[in-house]
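What follows is one structure encoded as structure tokens, with my remarks underneath.
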Amino acid sequence: MRAPYRIGLLGLGHVGGALARRLIEDGERVASAAGRPIVLDSIAVARPEGRTAPASLVPADALVKRPHLDAIVELIGGIDPALTYICSALQSGLEVITANKQLIAARGPALAQLGPLRFEASVASAIPIVETLAETLAADRINSLIGILNGTTNSILDAMAAGADYADALADAQRCGLAEADPSADVDAHDPAAKLAILGMLGFRRRIEPSQIERVGIRGLDQRQLVAARERGFVVKLIAAASMTGPGIEADVRPRLIPDDAPLARVAGAMNAISVDAAYAGTLVLQGPGAGPDAAASAVLADLIRAARGTPASAGALLASLADQPVATITPLGLQTPFPAVP
Ligand SMILES: NC(=O)c1ccc[n+]([C@@H]2O[C@H](COP(=O)([O-])OP(=O)(O)OC[C@H]3O[C@@H](n4cnc5c(N)ncnc54)[C@H](OP(=O)(O)O)[C@@H]3O)[C@@H](O)[C@H]2O)c1
């Protein structure tokens, strides 16, 4: 077996903790998949005082420069200081694996120019959509992408369709840990817009600026709209959709009316689903848990195994190839979409 692959972990929260557990409790299976042991060498957290951890705790700025490491896994989230740490690691010659959708959507192309960057967990957790677009469908032509990319709002909409009002449904989601104390990233659709930007860049090979994607969240929805829709045979879902229209791209995230016999209507709770329309492969539908520490850690681990095997970081290379492109012009979806917007 080859020499161990040594990693430094930034963040030991929900996903970082789940990843550390897999690396330790499932080490043999991981080593067998990677062709070498993957060793958790060191960890950085925001508040190390009095903390026990499954590897030595070191300051983040020192961790990303440790010369004996092969890779850094960034599971802090947000733009700063994750961006600084990732730049520093890539410039030190380390591979970087991240689940950070916000950072990849906003800075992915420039970051990926600095070195090997992997980000399967950044979109739809365990669903292997990043690898599918960057690798499996590399020679295809993607016409459109449509899906449910935010499990929190999907759960809130389910509760509203069952009779709860928005405030109660949100409070419930917050109580069971599905929604953050500040729910804006989910309910105002920043999160699915960032994920759609990543998928659009990978699928259409065009540079997309997430702030150009029109967003309508679920905050303004009235529970009676959902009940009325259900009586007419529709389910309201927060849909992220993008399509190539000749020279341009149409994309938006907004609540839409889905006929209740359509596959997307049956995507319940925290599940995610993505339908990819490819010119040659046809229509592929991927569905699975869109959030949750174990599901996200599973996607991070898949990237780690590819890195330890020496498999090229295809999705990162694809983003890097877009860095010098002008930003694509994005317009909202036209009227010919299969699912009408909630008025
Ligand atoms: N949770 C999910 O289901 C899920 C799914 C897919 C993707 N993701 C993504 O995964 C990433 C991590 O999410 P999470 O839910 O695991 O977050 P989390 O539970 O809030 O954990 C964040 C971790 O980062 C540490 N941290 C924060 N600032 C730091 C700093 N300046 N230096 C070093 N460490 C720092 C925190 O330290 P302390 O422990 O000391 O506070 C904590 O351990 C995010 O990008 C998120 O979007 C999450």
(request) Please determine, by comparing only the residues of the stretch 1-16 that are surrounded by 17 or more Cβ atoms within 10 Å (Cβ to Cβ) and more than 6 Å from the ligand (Cβ to nearest atom), which one is nearest to residue 98 (Cα to Cα). (result) 9
(message) Under 9 Å between Cβ atoms, which residue pairs at least 6 apart in sequence (or on different chains) link something in the stretch 1-15 that is modelled with pLDDT of 95 or more with a partner that is of a type in the set (Phe, Trp, Tyr)?
(response) 10/85
(message) Please pick out the residue among 312, 289 that is away from the ligand (no atom under 16 Å from the Cβ) and either of a type outside the set (Lys, Arg) or within 14 Å of the chain's Cα centre (by Cα) (or both).
(response) 312
(request) Looking only at the stretch 105-126, decide whether some residue is more than 26 Å from residue 324 (Cβ to Cβ), surrounded by fewer than 24 Cβ atoms within 10 Å (Cβ to Cβ) and not assigned by TED's automatic domain parsing to the domain that holds residue 241. (result) yes
(request) May I ask you to verify whether residue 73 is free of Cβ contacts under 8 Å to residues at least 40 places away in the same chain, outside any helix (DSSP H, G or I), more than 9 Å from the ligand (Cβ to nearest atom) and in contact with a strand residue (DSSP E or B) (Cβ under 8 Å, 6 or more places away or on another chain)? (result) no
(request) With respect to residue 127, determine if the residue is in a loop (DSSP other than H, G, I, E, B), at negative phi and not acidic (Asp, Glu). (result) yes
(message) Restricting to the stretch 1-29, name every residue that is touching a helix residue (DSSP H, G or I) at 6+ places or on another chain (Cβ under 6 Å), among the aliphatic types (A, V, I, L, M) and outside any strand (DSSP E or B).
(response) 15, 18, 19
(request) Filter the helices (runs of 4 or more DSSP H) completely within the stretch 167-242 down to those with at least 1 residues that are within 26 Å of residue 282 (Cα to Cα). (result) 190-204
(message) Condition first: outside any strand (DSSP E or B) and in contact with a helix residue (DSSP H, G or I) (Cβ under 9 Å, 6 or more places away or on another chain). Now tell me which residues in the stretch 269-288 satisfy that.
(response) 269, 270, 281
(message) Which condition from (1) within 16 Å of the ligand (Cβ to nearest atom); (2) modelled with pLDDT of 95 or more; (3) farther than 20 Å from residue 276 by Cα; (4) touching a helix residue (DSSP H, G or I) at 6+ places or on another chain (Cβ under 7 Å) is the one that residue 150 breaks?
(response) (3)
(request) Please enumerate the residues belonging to the stretch 44-70 that are in a helix (DSSP H, G or I) and either at positive phi or near the ligand (Cβ under 10 Å from one of its atoms) (or both). (result) 60, 61, 63
(message) Could you tell me how many of the residues in the stretch 289-334 are assigned to a strand (DSSP E or B) and either on the phi > 0 side of the Ramachandran plot or of a type in the set (A, V, I, L, M, F, W, C) (or both)?
(response) 1
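The values are calculated or read from the model by the stated rules, or taken from the named source; none is laboratory data. Just so you know, these numbers come straight off a predicted model, no measurement behind them. In this analysis, Cβ positions are derived from the backbone assuming ideal geometry, glycine residues included, and neighbour counts consider all displayed protein chains.
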